[in-house]
1. Can you name the residue in segment 205-236 that is out of contact with any helix residue (DSSP H, G or I) (no Cβ under 7 Å at 6 or more places or on another chain) and hydrophobic (A, V, I, L, M, F, W, C) and is also farthest from Pro44 (Cα to Cα) among such residues?
2. Examine segment 33-47 for a residue that is at pLDDT 90 or above, among the aromatic types (Phe, Trp, Tyr) and more than 21 Å from Glu307 (Cα to Cα), and state whether such a residue exists.
3. Kindly indicate the residue of segment 177-200 that is assigned to a loop (DSSP other than H, G, I, E, B) and under 27 Å from Arg95 (Cβ atoms) and also nearest to the chain's Cα centre (by Cα) among those meeting that condition.
4. Looking only at segment 206-220, count how many residues are over 14 Å from Gly146 (Cβ atoms) and either surrounded by fewer than 19 Cβ atoms within 10 Å (Cβ to Cβ) or at pLDDT below 90 (or both).
5. Between residues in segment 245-265 that are within 15 Å of Phe292 (Cα to Cα) and residues that are part of a helix (DSSP H, G or I), which pairs lie under 7 Å by C-beta distance while being six or more apart or on different chains?
6. Quick check on my filter: what residues within segment 294-304 are over 21 Å from Leu31 (Cα atoms) and out of contact with any Ser or Thr (no Cβ under 7 Å at 6 or more places or on another chain)?
7. Does segment 3-13 contain any residue that is in a strand (DSSP E or B) and either modelled with pLDDT under 90 or surrounded by fewer than 20 Cβ atoms within 10 Å (Cβ to Cβ) (or both)?
8. Collect the residues in segment 47-60 that are within 25 Å of Arg206 (Cβ to Cβ) and touching a helix residue (DSSP H, G or I) at 6+ places or on another chain (Cβ under 9 Å), keeping them in residue-number order.
Amino acid sequence: MTETRADEPLLRVRGLAKHFPVRTGFRSRGLVRAVDGLDFDVRPGESLGLVGESGCGKTTTGRMLVRLLEPTAGTIEFAGRDITHAGRRALRPLRQDLQIIFQDPYASLNPRHTVGRIVAMPLQVNGIDPPGGVKQRVQELLELVGLNPEHYNRYPHEFSGGQRQRVGIARALALRPKLIVADEPVSALDVSIQAQVVNLLRDLQRDLGLAFVFIAHDLAVVRHFCHRVAVMYLGRIVELGDRADIYERPQHPYTRALLSAIPDVTTLGPGGRIRLTGDVPTPLDPPSGCRFRTRCWKARDVCATEEPALVPRDGGRQATACHFPESGPVTAPAPAQRAVAADGDETVDPAATAGPDAQEVAR
């Protein structure tokens, strides 16, 4: 297993991109820019959340990090070693330190194998014979994730969705990894089970010193679990910072729109929610300049001609890719800045909110 100094990033990503060719017969129609230039670090024991709308490139990013997809451009360094284009033989010893939890617990477990065989497979593939034998180690892992060790000989169809996801977590922990990519590990589970699985991951992180790249669209879960948050839009990171900064003082308009969609049980109705106009542009032909400008109430001419860099703004700790970042904590929007759509839904009037002093958004 590789060693990493505490002051060095465990995972370093620079310029990471993944483009998928689109063809009609033998004719090329262009490239789908699923991920288009990501920069971020993950330190030992840290959890980084990747959030954004469906189709923004979160899952593609996670699969590239564990090398299930080949990057088109950029570099991935794990424990100081470049693994961007490492082959299967070079990656094999690193698999012990780098694991993934898949989103769908129904599809990620082989229905023909028992739970014992599924969890034992990483040990057998890597030729590891733990003290007490493989069976004892597997039963210890099952107990660690909250399952009965006597379920060793059961098949996946005999478990509930939450129990299946626990089996997937046990499999990821079998080799005692340093980094786990969790690809929406609770999105397919009931709300009550989601809390149990997230709390389990937090306990395992604390007890085993694990680092996580936590991919999710549930902002409440990310706030509960992650130390830092990266907000993605159309294949790019538009804001990156500590959990408190992102949730309490978001600077990018898109981040504020996402946070405004979090349900608030203390209020009735849409409240201060921002309803973005238009659809997400196609990654086959993304907008010039800022990719969010076609839906942004603060867009100016410069947003169409110059792409904003992801850099700290106003001396802050969080990095934002916006020419006109917001400032100050999140508050409720003023009544004059609200408008009501024809279907009765409350929306935000871009004309009333244009300019650097655009409305604040309630969480």
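The values are calculated or read from the model by the stated rules, or taken from the named source; none is laboratory data. It should be emphasised that the depicted structure is a prediction, and the values quoted were computed from it without experimental measurement. Cβ atoms come from the backbone with ideal geometry, glycine included; neighbour counts cover every protein chain shown.
1. Across segment 205-236, the extreme among qualifying residues is Leu234.
2. Within segment 33-47, none of the residues are at pLDDT 90 or above, among the aromatic types (Phe, Trp, Tyr) and more than 21 Å from Glu307 (Cα to Cα).
3. So, considering only residues that are assigned to a loop (DSSP other than H, G, I, E, B) and under 27 Å from Arg95 (Cβ atoms), the one nearest to the chain's Cα centre (by Cα) is Glu184.
4. The total comes to 7.
5. Listed by first residue and then by second, the contacts come to Thr255/Ile246; Leu258/Leu219.
6. Cys296, Lys298, Ala299, Arg300, Asp301, Val302, Cys303
7. Among the residues of segment 3-13, at least one is in a strand (DSSP E or B) and either modelled with pLDDT under 90 or surrounded by fewer than 20 Cβ atoms within 10 Å (Cβ to Cβ) (or both), which makes the answer yes.
8. Ser47, Gly49, Leu50, Val51
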